[in-house]
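Q: Could you have a look at this structure, given as structure tokens, before my questions?
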Amino acid sequence: MQIEDLFSVAGKVAVVTGGSRGIGYMIAEGLVANGVRTYITSRKASDCDAAAERLATLGECISLPHDLADDAGLAGFVAALGEREDHVDILVNNAGAAWGAPLGEFPAAGFDKVMNINVRAPFLLTQALLPLLKARATAEDPARVIMIGSIDGIMVPIGDNFSYSASKAGIHMLARHLAHNVVGDHITVNSIAPGPFRSKMMGYLLDDPASRERIASKVPRKRIGEPEDVAGAVIFLASRAGAWLTGITIPVDGGLSTHG
């Protein structure tokens, strides 16, 4: 029952997709700083390499840039990871995309791109990494898959990001479905549904002080999410404290989703 035992993730091996910026970077930073050998991937090699170099000042962080929305890119990533590791303890499916357009003008390409990156790619990556996830998983210490969804997949968004909200609702359900199917392999699958955090997707809103204050005022906790908020949720799910949870979605949103 000591906190070091309940919440320690030291010595584990993790993969964080989209780990070069935003929420993915926040999660990777929390894992690296707490003794997890962490592989980050993103589409842009220069950004991925630069992020890994910064994170490596805190611990072990390795850049493996690939486009996971592309079948060849996903296969390349899995092969490169398999050359370096014989198991994976934590898979954080964070990489995502958004698209906004008014109803009646929303393009098919905007729907297809978002669903491909936000739902198809996490499913295919999880499926491809099952052998590594199973390799050292036990009843006492299962492997963990953590899907990064969104409160936009729980509550109706104000904006016109139709494919994004659909994809995030889909990823929450996908996590439940996968959880049901892999529980016998000692793998848990859960989702985190973040509210407003500083990221490239929300940068256009949160970089402006007036806009940031307006958004924060709508959050019951009256602030924007900080790196510790999302990293802490991931560490909880990845630690002994979260070992008996599977198939759940945790809103990390300061209470915003309680509005309806």
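Read the figures in this text as sums done on the coordinates, not as results from a lab. No experiment lies behind these values; they were computed from the predicted model shown. So basically every Cβ, Gly included, is an ideal-geometry build from the backbone, and we count neighbours across all protein chains shown.
Q: Have a look at the DSSP beta bridges in the chain and tell me what percent are antiparallel, nearest 5.
A: Of all bridge pairs located within the chain, approximately 0 percent are antiparallel.
Q: With the chain treated as a Gaussian network of Cα nodes joined by springs under 10 Å, which of ASP229, ASP71, ASP208 yields the largest mean-square fluctuation?
A: ASP208
Q: Which value in deg cm²/dmol, rounded to the nearest 500, describes the helix-derived mean residue ellipticity at 222 nm for the chain, given -39,500 (n - 2.57) per DSSP H run of n ≥ 4 and division by the residue count?
A: Estimated from H runs of four or more residues: -13000 deg cm²/dmol.
Q: In the Gaussian network model of the chain, springs joining C-alpha atoms below 10 Å, which of SER20, SER163, SER46 carries the largest mean-square fluctuation?
A: Among SER20, SER163, SER46, the largest mean-square fluctuation in the Gaussian network model of the chain belongs to SER46.
Q: In degrees between 0 and 90, to the nearest 10, how far off the longest principal axis of the chain does helix 162-182 point, with axes built from Cα atoms?
A: 30
Q: Taking K and R as +1 and D and E as -1, what net charge do the other residues with C-beta under 9 Å from the C-beta of ILE62 add up to? Please report the intermediate quantities before stating the final value.
A: On the way: positive: ARG37, ARG84; negative: GLU60.
Once all neighbours under 9 Å are counted, the net charge is +1.
Q: Provide the gained length on full extension for the span ARG223 to ASN181, in nm with one decimal, where the gain is 0.36 nm per separating residue minus the Cα-Cα distance.
A: Between ARG223 and ASN181, full extension yields an extra 11.4 nm.
Q: Here's something else I'd like to know. Can you tell which of ILE62, ILE148, ILE40 shows the greatest fluctuation in a Gaussian network model of the chain with Cα springs below 10 Å?
A: The residue that fluctuates most here is ILE62.
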